[in-house]
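Down below is the structure, laid out as structure tokens.
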Amino acid sequence: GFTKHLWIYVLLFLAVLPLVLAVSFHAEFQQYYPFLKHTRRLEWTWRTLLTWELLYAGQFVALEFFFRGFLLQSLRRQLGVYAIFAAVVPYCMIHYGKPFLEANAAIVAGVVLGTLALRTRSIWGGCLVHISVAVSMDVTALLQKSDLPKSW
């Protein structure tokens with residue numbers, strides 16, 4: 001049923017993208033992103049950045065599996081829809097230390113993605129949105145810093 005609900009996740013990403021672009025102008029955001037910090041020892045190429053983003057995407061698959069898969073679906077039997085809120089608390093906690101707006105947006109994102117995961121019984125749309133937002137955050141931060149790689 002993933003493709004049946006794909007349009008919802010595309011709309012979610014398109015709704016979040018202008019917000020990502022807006023916060024990319026904030027110094028706090030630019031200091032935090034991207035997580036991959038390059039130095040003189042690390043050759044800064046598109047290959048390096050793309051490899052990082054692929055590995056970073058794997059982390060989001062694991063994150064979605066745990067919070068919207070394992071935790072949410074396990075709690076659903078006992079708590080019903082309230083399982084969403086029980087899963088949102090630790091999900092928000094992993095966002096502590098991130099930029100203020102992002103940490104607060106994690107509450108809304110956790111509720112929305114949790115609701116969709118319960119209804120669709122799939123984590124893959126959440127994975128797609130999470131990965132797309134994360135890559136967008138890295139790219140917009142690099143654009144603001146004029147720090148995109150120059151070679152392959």
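The values are calculated or read from the model by the stated rules, or taken from the named source; none is laboratory data. This is a predicted model, so every value here is computed, not measured. Heads up, the Cβs are rebuilt from the backbone with ideal geometry, glycines too, and the neighbour counts pull from every protein chain shown. Heads up: the accessible areas ignore ligands, DNA and RNA and are worked out on the full protein's heavy atoms, side chains in. Shrake-Rupley method; radii C 1.70, N 1.55, O 1.52, S 1.80 Å.
Running a GNM on the chain with Cα contacts under 10 Å, which residue among F100, F85, F65 ends up with the highest mean-square fluctuation? Checking each option, the largest mean-square fluctuation is seen for F100. In the chain, Cα pairs under 8 Å separated by at least six residues give a relative contact order of 45 percent. Averaged over residues, the count of other Cβ atoms within 10 Å places the peptides 19-25, 129-135 in the sequence 129-135, 19-25, highest first. Element breakdown for region 22-93 at a 1.4 angstrom probe: carbon and sulfur atoms account for 68% of the accessible area. Computed from Cα positions, the angle between helix 83-93 and the longest principal axis of the chain comes to roughly 30 degrees. On C-alpha positions alone, give me the angle between the axis of helix 124-144 and the longest principal axis of the chain, in degrees, nearest 10. Once rounded, one gets 20 degrees. Each stretch of four or more DSSP H residues adds -39500 (n - 2.57); spread over every residue of the chain, this sum gives -23500 deg cm²/dmol at 222 nm. How many angstrom separate the Cα center of region 79-116 from the Cα center of region 1-33? Their Cα centres are 15 Å away from one another.
Solvent-accessible area per residue in the chain equals 60 Å², computed with a 1.4 angstrom probe and all protein chains kept.
Highest mobility in the GNM of the chain, judged by mean-square fluctuation with C-alpha springs under 10 Å and restricted to Y33, Y56, Y96, is found for Y96.
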